[in-house]
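Engineer: To start, I am sharing the structure in question, which I have written as structure tokens.
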Amino acid sequence: MSRPKCCRHVCGVPDKNYFKPRGIPASDLEEVVLNLDEYETIRLADYEQLYQEEAADRMNISRQTFGRIIEAAHKKIADVLINGKALKIEGGEVTLDETKPCGHGKRRKTGRDNQSRG
């Protein structure tokens, strides 16, 4: 018997929840659904650049669970980009956590921020 899922906290639902390649009608595209918990892992790890441990804590899940979720999210996003599919963000078993600020635009400072690109 498997363990029950922990309640996964997400900051909110994105305003824009559908993306598709330009010039192709949506009815002609295969659609990939990115669950809200997968979206939240991408936001925390890739956009906010948090370490997985801290991001997992914000979502009220283990670091290992966070790793599994973000791996699935990365695979779905790669499928969308490589195969020209539509991406829909919705659903999943989550709880909106409005007590914690989303922190859009805040980034963890890394050594990469100070390196010159060239």
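What follows draws every value from the coordinates through simple rules; no lab data is involved. Please read these numbers as outputs of a predicted model, since none were measured by experiment. All Cβ positions, even for glycine, are placed from backbone atoms using ideal geometry, and neighbour counts span all protein chains on display.
Engineer: Rounded to whole Å and sorted largest first, what semi-axes of the equivalent ellipsoid does the C-alpha gyration tensor of segment 30-100 yield via the square root of 5 times each eigenvalue?
Structural biologist: Value: 22, 13, 10 Å, ordered largest first.
Engineer: Right, something else. What is the gain in length, in nm to one decimal, between Asp28 and Glu93 on full extension, counting 0.36 nm per residue of separation less the C-alpha to C-alpha distance?
Structural biologist: 20.5 nm
Engineer: I want the local charge near Leu87. Using Cβ-Cβ distances under 10 Å, sum +1 for each Lys or Arg and -1 for each Asp or Glu among the other residues. Write out the running numbers ahead of the final one.
Structural biologist: Details: positive: Lys20, Lys76, Lys85, Lys88; negative: Glu31, Asp79.
Cβ neighbours under 10 Å give a net charge of +2.
Engineer: Here's something else I'd like to know. So, in nm, how far is label Asp79 from label Tyr51 when the simple model puts each one 7 Å beyond its Cα toward the Cβ?
Structural biologist: 3.2 nm
Engineer: Here's something else I'd like to know. Using mean Cβ contacts within 10 Å as the protection proxy, how do 81-93, 61-73, 16-28, 36-48 order, highest first?
Structural biologist: Working: 81-93: 14.3, 61-73: 16.9, 16-28: 10.1, 36-48: 21.7.
Output ranking for 81-93, 61-73, 16-28, 36-48: 36-48, 61-73, 81-93, 16-28.
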